Structures are given as structure tokens and as C-alpha cells.
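**Q** The structure under discussion is supplied below as C-alpha cells; questions concerning it will follow.
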Number of protein chains: 2
Amino acid sequence: MPSRLPSSGPDGAAMPLDSKTLCLGALDAGFNTGYDIRKAFEEGPFRLYQSLSYGSIYPALNALLAEGLASCTEQVQDGRPDKKVYAITDAGRAALRAALTRYLKFDRLRSDFMFAIAFAHLLRHDQVSALLDDYAAGYRALADELGAESCDPPAGRRFLIDMGRDGCHAWARCIEAHRAALEEALRRDQDADAEPPPPRLAAIGGGG
Amino acid sequence: MPSRLPSSGPDGAAMPLDSKTLCLGALDAGFNTGYDIRKAFEEGPFRLYQSLSYGSIYPALNALLAEGLASCTEQVQDGRPDKKVYAITDAGRAALRAALTRYLKFDRLRSDFMFAIAFAHLLRHDQVSALLDDYAAGYRALADELGAESCDPPAGRRFLIDMGRDGCHAWARCIEAHRAALEEALRRDQDADAEPPPPRLAAIGGGG
DNA sequence: CTAACCATGTAAAACGTTACATGATTGC
DNA sequence: GCAATCATGTAACGTTTTACATGGTTAG
């Protein structure tokens, strides 16, 4: 059985990486229990780029085991459920490599903040400013968290960390670079609304 | 009936904006049919920040209509199904404003490329380079597409456009700024692997 | 002649998150 | 005492994507 990893459909079209592939990657990166894998996607190196929760991880791990893409040794523990320590197999590493070599789906950003800001005209000015403050602060905080990563990772992981840090900083700077224009435009629009209707009477009277 | 828009759960925790809110936003922005709304999320101003497909849009539109958050006038057409032209109502605008004022879930980036690059050590160098080329090119192309947006949009939409353009350019620059380090590290690792085993024989012989 | 565009809508399938169930240990 | 951490796993739930159904017009 040729252990399929459907990150590409039957036609070869780009499909998102599936949870099995993501787990295989986490395993290769040295996260070797379901619990640790979740942390890798919640707080660890993959945090910015992918997400995965228990509900996907444990079934995926069992599937990988059944397909021979991962192996598992159980460690009996006191009080807690037995710890299952997984390792990627050679077949698993081959499958991971194959999945990463297919056409990858391009990045997708989901930003409720940016969507909200599109409707700045419906919000009060102080709400818009607060939104921008929170948003920029969020990215700065993220950048700092991501920068404080484990020392001396392999080359690929180093790239992830550096990109995450600098990319988040860049986005924050971008917000700050454009907010002045937004806030000024909003003020202008408000002034235009609040202004008493322009003295058309004169024009009308003069034109008659 | 107080037309709920569940972008916040019962406890007030941050939840992603739901499809009804997104449709309300599209309606407010002047996209007034299901078909046009899809284009707004596929190619239009929201393209970078949210996604929404027919399967979500048409049911959402019908729900909004039933709740009085949108109104609809049908335009009979030749051959095609009747065109339903929607408009946001005052209640709808209030609901949109309310949804955007709740706690918003922070941005989530999904990047299969970045995940793949984390495993550069499993790929051939030319594959890694091709990946980086495609990735940077993708962001540059996106930036250019986003920059070529409709003229003179309202202030909030102007912000979206400018952020999209500059943000994508910044990310592309970031890729290019860090790729040299990655590729060099990969070369170093390969050289270390390819190097003939160090002359331990001498040491062993000398020590005997 | 083929592809893309216009236009709405439904149904099924795939996928993911959340909450639940369980429960000892460690730090504040 | 309370919260967090460790640790696995399932079931319900909701969302999203994809395919299907229909079909005339227009541009290359």
C-alpha cells in the first residue's frame, strides 16, 4: 500500500498540506508526542505559519503509525496516561519530502482586523485608533515572541524564525506608516459632514 | 427577534467574523449580488484578508434577508437565473458595526511554503531555490495586483489597498534578504557531509 | 469551437476546532 | 486552594470546499 499523503489531489492541483504531513514535519523536527506537537504549532516554530489541534493530531498520528510512516514506543507513566513517543520512519521522511515537493497552495492570510478597518467610516474615530493600536501592538508582540526562539536551529528553521520576526516587524511598521493618512482622511470626511451646508444660496441667487 | 451575528461567542471571547458579517461588509462596500460578492473576496479588495465562496455566500444572503439585515430586489433576466440585487439595511449596518466592535481574533497566516522551507534539509538545493523563487515571485505578483485597485476608494479601503501592496512587497524583500543565509548554510552542511571522513587513522595509529 | 463569463443555488464530503472525559503533580 | 502543566483520546459541531445542476452570451 503506497501510503498516500493527499497534499495534491488526483489531478495534481495545489492543495493545502494536510494534518498527516504537518505531523510528519513536527516529528522530523523533533517533537515526538501528541502533546509536544500541539505545542510546536501553538507556541513553537510553526506557530506563525500553520495551526493544528489535538482533534487533528491524535488521529493523524494513529494513521501514520498504521501506514508505517511513524513508529511508536510507549512509556508507562505514574498517574498520567502512558506517554507515546513517536518517531518518523524512513518511509515517513520520504512521504514528507514527496508532499513538500508537490505544488503548494499559496499563502492565505486571514485578517479580521483589516476587514474591520475597511469599514472605518462606520466606526467612531477613537474606535479606529484603538483598533490600529491593538493591531500594531499585536504584531510587535508576535515579532518579539518569535525572535526569542531556541538557539542554533537547523538552517530551514532559522529561516522561519528570522522571517517571522522581520516580517511581523515590517507589517507593524506598515500599519504605522499608513495610519496617519487613514486618520486624516477620516477627520476630513467628518469635517465635511459636520460643516454647515455650503452657501449655495449665493450661487443660486447670483445665477438667476 | 434580535438578529444575532455571532462574531463573538456567548462568553464574549474573540471569534472569527462569520460569513454573514462578511457578506454585510461586502454589501456595504457596494457589491450587491452573490456573484459580485464572491468576486470581491476572490479578486477584489478583500482578496488578501478573507475568503468566501458560493457555498457560504448564498445561504448567508438568504439568512440576512430573513433577519431584515439586507433587502433584495429581483431583476428578471433573459436566459440566466433572475439577478437578485441586495442592499444592506439600517439594521444591517448596525449589526455590521456591532460585529466589528467586538473583540476580533488576531490574524492567522497559513503558509505551506514556509512550512516546507523548514525542511530544507530534506530537499535538494535546487528545489529549495525554486521554492524561494516561486514564493518571492508570488508575493511580488500579489503586490502588483493589489496595487492596481479601483481609483479613489473610501479611506478604509484605501488603507487596505496600500497595506496589501506594501505588506506583500515587504514580505518579498524579507524572503530575499534571508535566502542568502539559508542557501549558504545549506551549502556548508552539504560540504560537511560530502567531505571525506577526517583522517582519524592517524590519530588512532599515533595513539597506539 | 472552446473557454470564460454571467448567475443562483444545493448537497455531500472533507476538514478543523471545541468541549468533554480523566486525573496526578507542581508552582503560586 | 487554585491554576497550570502534563497526557491521550473521542464526539459533536460548525465551517469550507467541491461538485453538481442549468444554460445563454461573448470573445478569441
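The values are calculated or read from the model by the stated rules, or taken from the named source; none is laboratory data. Everything numeric in this text was worked out from a predicted model, so none of it was measured. So basically every Cβ, Gly included, is an ideal-geometry build from the backbone, and we count neighbours across all protein chains shown. What goes into the accessible areas is simple: the full protein's heavy atoms, side chains included, and nothing from ligands, DNA or RNA. Shrake-Rupley method; radii C 1.70, N 1.55, O 1.52, S 1.80 Å.
**Q** Can you return the lysines within cross-link range of B:Lys39? Criterion is Cα-Cα under 30 Å, with same-chain partners fewer than 8 residues away left out.
**A** A:Lys105, B:Lys20, B:Lys83, B:Lys84, B:Lys105
**Q** For A:Arg38, tell me the accessible area in Å² from a 1.4 Å probe, rounded to the nearest 10.
**A** Approximately 60 Å² for this residue.
**Q** Here is a further query. Would you mind working out the accessible area per residue for segment B:37-114, using a 1.4 Å probe, and quoting it in Å²? Provide the component values of the computation, followed by the final result.
**A** Working: 4010 Å² over 78 residues.
Each residue of segment B:37-114 exposes 51 Å² on average to a 1.4 Å probe.
**Q** Then there's this: May I ask you to report, in nm to one decimal and beginning with the shortest, the distances from A:Asp152 to the same position in the other copies, taking label points 7 Å along Cα-to-Cβ?
**A** 6.2
**Q** Averaged over peptide A:84-97, how many Cβ atoms belonging to another chain are found within 10 Å of each residue's Cβ? Numbers along the way, then the final one.
**A** Details: counts 0, 0, 0, 0, 0, 0, 0, 0, 0, 2, 1, 0, 3, 6.
Mean number of neighbouring Cβ atoms from other chains: 1.
**Q** Let me know the mean shielding of A:19-32 by other chains, meaning the per-residue number of their Cβ atoms within 10 Å of its Cβ. If you can, show how the numbers build up before the last one.
**A** Working: counts 0, 0, 3, 2, 0, 1, 5, 2, 0, 4, 2, 0, 0, 0.
Rounded to a whole number, the mean comes out at 1.
**Q** Please list the non-local residues whose amide H lies under 5 Å from the amide H of A:Arg110, H modeled 1.01 Å from N, same-chain partners needing a gap of 5 or more.
**A** The answer is B:Arg108, B:Leu109, B:Arg110.
**Q** Using a label point 7 Å beyond Cα on the Cα-Cβ vector, give me the inter-copy distances for A:Gly30 in nanometres, one decimal, shortest first.
**A** 5.4
**Q** Just to be sure I understand: chains B and A are related by a rotation, so which residue of B has its Cβ closest to that axis, and how close in Å?
**A** Rotation axis B onto A, closest Cβ, rounded to whole Å: B:Ala170, 2.
**Q** Across 10 Å bins from the origin, how do the percents of Cα pairs in segment B:112-194 run, short distances first?
**A** Per 10 Å bin, starting at 0, the Cα pair percentages come out as 17, 39, 23, 14, 6, 1.
**Q** One decimal, nm, shortest first: give the distances between the label point of A:Arg187 and those of the same position in the other copies, each label point 7 Å from Cα along Cα→Cβ.
**A** 5.2
**Q** Over the alpha-carbon set of segment A:19-101, work out the extent along each principal axis and list the three values in angstrom, largest first.
**A** On the principal axes, segment A:19-101 reaches 42, 28, 20 Å in Cα extent.
**Q** Give the long-range amide H neighbours of B:Ala70: residues separated by 5 or more places, or on another chain, with amide H under 5 Å away, using H modelled in the peptide plane at 1.01 Å from N.
**A** Under 5 Å from the amide H of B:Ala70: B:Leu65, B:Thr89.
**Q** Then there's this: Please work out the C-alpha center-to-center distance from segment B:111-160 to segment A:95-130 and express it in whole Å.
**A** So the two Cα centres are separated by 13 Å.
**Q** Relative contact order of segment A:51-122: what whole-number percent is it, with Cα pairs under 8 angstrom and at least 6 residues apart? Write down the numbers at each step before the final one.
**A** On the way: 42 pairs, mean separation 14.7, N = 72.
Relative contact order, segment A:51-122: 20 percent.
**Q** I would also like to ask the following. From other protein chains only, count the Cβ atoms within 10 Å of every residue's Cβ in A:178-190, then give the mean. Numbers along the way, then the final one.
**A** On the way: counts 8, 2, 0, 4, 7, 2, 1, 5, 4, 1, 1, 2, 0.
Across A:178-190, the average partner-chain Cβ count within 10 Å equals 3.
**Q** While we're on this one: Solvent-accessible area of A:Arg93, probe 1.4 Å, all protein chains present, reported in Å² to the nearest ten, please.
**A** 70 Å²
**Q** While we're here: Tell me the relative contact order for segment A:112-194 as a rounded percent, counting alpha carbon contacts under 8 Å between residues six or more apart.
**A** Values: 44 pairs, mean separation 29.2, N = 83.
Answer for segment A:112-194 is 35 percent.
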